[in-house]
Amino acid sequence: MALKIIASTCSACGACEFECPNAAISMKGSAYAIKASACTECDGDAPKCRAVCPVDDCIVQA
Ligand code: SF4
Ligand code: SF4
């Protein structure tokens with residue numbers, strides 16, 4: 001279970017990177033990406049990355 005970032009919609013604002021409690025988000029090329037093996041979907045809480053992302057439907061279920 002993990003979320004993923006749609007690279008084509010990510011504006012690379014960086015807001016999500018430091019919100020992740022598992023440091024699963026990092027810059028990859030011209031957009032940010034979630035390392036699936038590190039994402040726990042915030043253990044049932046509302047995904048912190050999605051909460052701060054200013055782009056609709058940018059962070060989705062992997
Ligand atoms: S859902 Fe939570 S654990 Fe997964 S990338 Fe987003 S902030 Fe990190
Ligand atoms: S908050 Fe959204 S738009 Fe900003 S870097 Fe993260 S995924 Fe991309």
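We did not get these values from a lab; they are worked out from the coordinates using the rules stated. Remember, predicted model here, so these are calculated numbers, not experimental data. Positions of Cβ are generated from backbone atoms using ideal geometry, with glycine treated the same way; all protein chains shown enter the neighbour counts.
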In region 37-46, which residues are in a loop (DSSP other than H, G, I, E, B) and either free of Cβ contacts under 8 Å to residues at least 12 places away in the same chain or more than 9 Å from ligand 1 (Cβ to nearest atom) (or both)?
Ser37, Asp45, Ala46
Residues within region 21-36 that are under 16 Å from Gln61 (Cβ atoms) and part of a loop (DSSP other than H, G, I, E, B), tallied:
3
Only residues that are in contact with a Lys or Arg (Cβ under 6 Å, 6 or more places away or on another chain) and within 10 Å of ligand 2 (Cβ to nearest atom): list them for region 1-49, please.
Glu19, Ile34
Scanning region 1-20 for residues that are in a loop (DSSP other than H, G, I, E, B) and without any contact (Cβ under 8 Å) to a residue 40 or more places away in the chain, which turns out nearest to ligand 1 (Cβ to nearest atom)?
Cys20
Take Cys49 and decide whether it is near ligand 1 (Cβ under 9 Å from one of its atoms), without any contact (Cβ under 8 Å) to a residue 40 or more places away in the chain and assigned to a helix (DSSP H, G or I).
no
